[in-house]
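Only one structure is covered here, and it is reproduced in the block below.
The values are calculated or read from the model by the stated rules, or taken from the named source; none is laboratory data. Keep in mind it's a predicted model, so treat the numbers as computed, not measured. Note: ideal-geometry Cβ built from the backbone for every residue, glycine included; neighbour counts use all protein chains shown.
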Amino acid sequence: MQAPGPRIDATRLYSDPNTRELLRRMLTENLLLEPKIGPDGKAHYPLADEVLGLEVDVNGWVREMLEQAILRKASSREVVMCPVHLRADPMVMVECVKCRSKVSSKRSLIEHVYCGYIGDDSRFDKDGTLQCPNCGRPVKTQGELRVSGVWYECQNCLSKTSSPKLVFICKEGNHEFTSADLTLVNIDTYEVNERVLVELRNTLLLDPELAAMLTEMGYEVSAPAKVQGQSGSVHSLDVYAKKDGETVALQVAVDSKPVDASAVIAFFAKTFDIKPNRSVLVTIPAASEEAKRLEAGYGVSVVEDFDGSGAVKKVKAVIEATARPR
Ligand SMILES: [Zn+2]
Ligand SMILES: [Zn+2]
Ligand SMILES: [Zn+2]
């Protein structure tokens, strides 16, 4: 497992509630960010439009998510686009190479597997039921027939071809373009990058669970929280909770190895200024020995949890154990 990506910008991105909601839905509902061609002929991401709101520049958002390696490309397609209007929703038609008529009919050669007869598909039609024109047997299943050839017949000059010319009609002004003129545009589908999954699961799922637990205990909760310290500086915390003048500051630190002492020191720099009654640092998958040594001296309770699933219970136990007698 690799270390989590650049923290500072990622934290700024995660602090946007719409971003959190979109990533949360992608994780919990197992969704991809899939493009659809909209009524304007451009590629859109309906899920992002729905969650982020139409006024947000979704492409810019996606770019940032890719730069921070929070999202990554899952798959890619090249679609046909009008070279003039840059619309990716042309109508496709078959054109006769001789007379340029756009009225062709598609014909198939069908083989009756039972007797080996091969003929035009229209010949198998007997008053609305399928029947072999050679042996006279009714055709009951698809398996009794085999398609042995397909061609297109111009309804104007009757010329036939098996590889027709395709032409495209742009929705803007109904003008035509051909496969020689068209532009191919790349549209991508995105997924949450595996290397930030653990970190995201905790930011998006554990933080709300911790907040819900404190709310249930009667606290007034902010998550994520911006709290002004005594120095006047504003600090960001994963969760901040208040009840009857008692305050709790919570931070979650996730790493691929035991969380090192710098996480305790960074958290202490905030709590020293905010002065909450209780400071709890949740470390996933564990805290390093040095981090644990600092715990008491810095007045921070360090909770360790291997994958975050038991963290809520452990934090609750710490808060209850240190609750001020009433
Ligand atoms: Zn066009
Ligand atoms: Zn037959
Ligand atoms: Zn023709």
Residues of the stretch 35-76 being closer than 15 Å to R12 by Cα and assigned to a loop (DSSP other than H, G, I, E, B), in sequence order, are Q68, A69, I70
Residues of the stretch 204-214 being touching a residue at least 24 places away in the same chain (Cβ under 8 Å) and farther than 17 Å from E29 by Cβ, which ones? L206, D207, E209, L210, A211, M213, L214
Is it true that E111 is away from ligand 3 (no atom under 16 Å from the Cβ) and not in a loop (DSSP other than H, G, I, E, B)? yes
Does P138 count as within 16 Å of ligand 2 (Cβ to nearest atom), of a type outside the set (D, E, K, R), surrounded by 11 or more Cβ atoms within 10 Å (Cβ to Cβ) and over 47 Å from the mean Cα position of the chain (by Cα)? no
Can you confirm whether the stretch 85-97 contains a residue that is within 30 Å of D40 (Cα to Cα), more than 16 Å from ligand 3 (Cβ to nearest atom) and not in a loop (DSSP other than H, G, I, E, B)? yes
Just to be sure before I move on: is V147 among the β-branched types (V, I, T) and within 16 Å of ligand 1 (Cβ to nearest atom) in the structure I sent? no
Output for Cβ contacts, cut-off 7 Å, separation at least six or different chains, first residue among the polar types (S, T, N, Q) in the stretch 132-159, second within 16 Å of ligand 3 (Cβ to nearest atom) and part of a loop (DSSP other than H, G, I, E, B), reads Q155/S101; Q155/V103; N156/C96; N156/C99; N156/S101; N156/V103; S159/C96; S159/K98
Quick one: L250 ticks every box in (1) in contact with a Leu (Cβ under 9 Å, 6 or more places away or on another chain); (2) modelled with pLDDT under 90 bar one, so which box is it? (2)
What are the residues in the stretch 166-204 that are charged (D, E, K, R), in contact with a Pro (Cβ under 9 Å, 6 or more places away or on another chain) and under 26 Å from P46 (Cβ atoms), if any? K171, D188
Per the filter on the stretch 114-124, residues within 48 Å of the chain's Cα centre (by Cα) and in a strand (DSSP E or B) are D120
Across the stretch 131-188, what is the number of residues that are among the hydroxyl-bearing types (S, T, Y) and assigned to a loop (DSSP other than H, G, I, E, B)? 5
Test set (1) over 37 Å from the mean Cα position of the chain (by Cα); (2) of a type in the set (G, A, S); (3) in a strand (DSSP E or B) - S231 fails condition number: (3)
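Here's the yes/no breakdown for (1) within 16 Å of ligand 2 (Cβ to nearest atom); (2) surrounded by 15 or more Cβ atoms within 10 Å (Cβ to Cβ):
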position: D125; (1), (2): yes, no
position: E144; (1), (2): yes, yes
position: T161; (1), (2): no, yes
position: Q228; (1), (2): no, no
Can you say whether R87 is in contact with a Lys or Arg (Cβ under 7 Å, 6 or more places away or on another chain) and either touching a residue at least 40 places away in the same chain (Cβ under 8 Å) or at positive phi (or both), as far as the supplied structure shows? yes
So which of L47, L13, L54, L31 ends up being modelled with pLDDT under 85, more than 24 Å from I284 (Cβ to Cβ) and either of a type outside the set (G, A, S) or over 15 Å from the mean Cα position of the chain (by Cα) (or both)? L54
Considering (1) at pLDDT below 95; (2) under 30 Å from V303 (Cβ atoms); (3) not basic (K, R), say which one G149 fails and leave the rest. (2)
Given (1) touching a strand residue (DSSP E or B) at 6+ places or on another chain (Cβ under 9 Å); (2) at pLDDT 90 or above; (3) of a type in the set (D, E, K, R), K313 misses just (1)
Verdict on C154 being closer than 30 Å to P35 by Cα and not polar (S, T, N, Q): no
Anything in the stretch 189-217 that is assigned to a strand (DSSP E or B) and not polar (S, T, N, Q)? List them, or say none. Y190, E191, V192
